[in-house]
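Colleague: Have a look at this one.
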Amino acid sequence: MGNKELEVSLLSIDTKDKKHFIDKLNILKKSNITRIHYDVMDNNFVNNVAFGPEHLSFLNEKKFVVDVHLMVFNVNKYLDLFMKYPFNSIAFHVESQPENISLKLIKRIKFSQKKCGIAFKPDSNIFTYEKLINECDYIIAMGVNPGFGGQKFLKEAAINNLKKIKQVLVKLKKNTQIYLDGGVDLNTINLTKDYVDVFISGSFLAKLPDPAKMVEYVRALK
């Protein structure tokens with residue numbers, strides 16, 4: 001499966017100030033952070049609004065691996081908007097539509113040569129989504145209720161979900177990567193390292209004076 005990785009949430013970066021944005025991206029690059037988590041919110045599925053596709057071409061030019069995370073109800077509408085832009089993968093929430101629609105969405109995304117992920121809220125019943133888990137390329141387990149950065153990690157619910165996802169993957173004999181999104185700090189990383197391949201961090205990572213040390217720490221985890 002390879003080393004564990006850190007992915008920075010774009011929500012933690014001021015994208016409105018172009019100079020600050022470029023400076024921050026350069027700091028990330030120097031710290032060996034090459035992955036960006038790109039949240040998209042519709043003020044409907046969650047009570048917040050976040051990015052359209054406006055930063056994707058620029059991040060691609062800067063050679064970042066961008067994973068788009070749709071926290072929206074009308075996933076197809078957003079796929080129509082996003083698919084013409086460069087990015088690595090796109091994930092959507094299983095709770096936003098019935099299973100048969102989710103299966104069609106996975107097929108559509110894979111047909112476009114992008115990786116497809118599915119995302120779970122902390123209170124989702126993982127075992128009811130086995131068919132979707134079998135079809136996707138990676139899984140995002142939320143450590144907080146989606147919508148806002150800087151929230152406290154929901155320890156019990158998140159760890160239960162991670163364990164259940166692992167159980168399903170073992171049953172399916174899949175090596176699918178698991179991402180943890182929300183409430184990620186050093187303590188969370190140590191608590192969940194047995195289940196998680198990619199840690200998505202926003203405010204914690206953004207505030208570190210030397211993110212490179214945290215990158216090294218995470219990559220050295222077994």
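The values are calculated or read from the model by the stated rules, or taken from the named source; none is laboratory data. The structure displayed is predicted, hence computed values, not measured ones. Here the Cβ positions follow ideal geometry from the backbone for every residue, glycine too, while neighbour counts run over all protein chains shown. The accessibility values were calculated without ligands, DNA or RNA, using every heavy atom of the protein model including side chains. Shrake-Rupley method; radii C 1.70, N 1.55, O 1.52, S 1.80 Å.
Colleague: Does D23 satisfy the criteria of being open to solvent by 10 Å² or more (accessible area, probe 1.4 Å), touching a helix residue (DSSP H, G or I) at 6+ places or on another chain (Cβ under 8 Å) and not in a strand (DSSP E or B)?
Modeller: no
Colleague: If you don't mind, another one. Just to be sure before I move on: is F73 among the aromatic types (F, W, Y) and open to solvent by less than 50 Å² (accessible area, probe 1.4 Å) in the structure I sent?
Modeller: Working: among the aromatic types (F, W, Y): yes; open to solvent by less than 50 Å² (accessible area, probe 1.4 Å): no.
No; evaluated as a whole, the condition is false for this residue.
Colleague: Condition check: within 19 Å of the chain's Cα centre (by Cα) and closer than 21 Å to P122 by Cβ. Does V49 satisfy that?
Modeller: No, not satisfied.
Colleague: Can I ask one more? Can we say L81 is part of a helix (DSSP H, G or I) and either in contact with an Asp or Glu (Cβ under 7 Å, 6 or more places away or on another chain) or open to solvent by 50 Å² or more (accessible area, probe 1.4 Å) (or both)?
Modeller: Judged against the criteria, L81 is a match.
Colleague: Kindly indicate which of Q177, Q167, Q113 is more than 22 Å from F204 (Cβ to Cβ) and either at pLDDT 95 or above or among the acidic types (D, E) (or both).
Modeller: One residue alone meets the criteria, Q167.
Colleague: A further question follows. N44 versus (1) polar (S, T, N, Q); (2) open to solvent by 40 Å² or more (accessible area, probe 1.4 Å); (3) assigned to a helix (DSSP H, G or I): which is the lone unmet condition?
Modeller: Only one criterion in (1) polar (S, T, N, Q); (2) open to solvent by 40 Å² or more (accessible area, probe 1.4 Å); (3) assigned to a helix (DSSP H, G or I) is unmet by N44, namely (3).
Colleague: OK, next. For G147, are the conditions met, namely being modelled with pLDDT under 95 and open to solvent by less than 10 Å² (accessible area, probe 1.4 Å)?
Modeller: yes
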